[in-house]
């Protein structure tokens, strides 16, 4: 197994540990993470931005407070927030560090990271450390999913189903249509749209695959034109919750619909496995994706 595949396989165990951490928080966890009613901006780069999007939707739709998500390089200047939550696995990403330095002394900041004593721990006001989910791989899998599990659990979600679904996602056969597809369009609604974007990114990074991601209701506003024979539309959600007529529309294109129906994070594990499998089949090394490094550090 590649290092990436080993880390993919450990996700249910990491999720269980994050859930326990949320249920029995250390004193600083309650003070560090956003509190009900706070106006919050969540920032990150790449995978962390997509996880930020998912969390922002969950927090605001759950009535916990207004929540925005931005790439760290694109957070609007001058907006007022009670807290900025920075997601950064390595704690070394240039754009995140630069933003936190600009905000220091003006807005409370918290960093969620995997690496103790990384640069972000010196510039954020508070730090939530998930070192048990750190990765050697360039491509993020378990850290990103584990931080979202922690954040969801702190919002009060009952995630007792998730480790079991994650284990199932690790052992079931990969969708045959996906193994043969030349193109993938990932679809989600609400917080699952962030997961759809992350799925598309994983396939690009590991397997150099042609992938796109859209809010499901936007799919028929143009993107469906790319779907056809040998191409997959992948829905993160309950198959019964697909918009009316969409499955028939996809079938008429000649494309294949994949709708596994578990929690979107568990279904993301299937995409992780698919990306690694396609990388190997194409002669690529998922541990060493093209043109990428573990962290983007700008000169």
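The values are calculated or read from the model by the stated rules, or taken from the named source; none is laboratory data. Keep in mind that what you see is a predicted model, and the values were worked out from it rather than measured. Backbone-built Cβ (ideal geometry, glycine too); neighbour counts: all protein chains shown.
The residues on offer are 147, 172, and the sole one that is at pLDDT 95 or above, in contact with a strand residue (DSSP E or B) (Cβ under 8 Å, 6 or more places away or on another chain) and either surrounded by 18 or more Cβ atoms within 10 Å (Cβ to Cβ) or not assigned by TED's automatic domain parsing to the domain that holds residue 45 (or both) is 147. Consider the range 93-110 and keep the residues that are touching a strand residue (DSSP E or B) at 6+ places or on another chain (Cβ under 9 Å) and in a loop (DSSP other than H, G, I, E, B). The one that is surrounded by the fewest Cβ atoms within 10 Å (Cβ to Cβ) is 107.
Here's the yes/no breakdown for (1) part of a loop (DSSP other than H, G, I, E, B); (2) free of Cβ contacts under 8 Å to residues at least 12 places away in the same chain:
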residue: 81; (1), (2): yes, no
residue: 122; (1), (2): no, yes
residue: 143; (1), (2): no, no
residue: 150; (1), (2): no, no
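Screening residue 246 on (1) modelled with pLDDT of 95 or more; (2) surrounded by fewer than 18 Cβ atoms within 10 Å (Cβ to Cβ) shows it passes everything except condition (2). In the range 183-208, the qualifying residues are those that are in contact with a strand residue (DSSP E or B) (Cβ under 6 Å, 6 or more places away or on another chain) and not in a helix (DSSP H, G or I), and the one that is surrounded by the fewest Cβ atoms within 10 Å (Cβ to Cβ) is 183.
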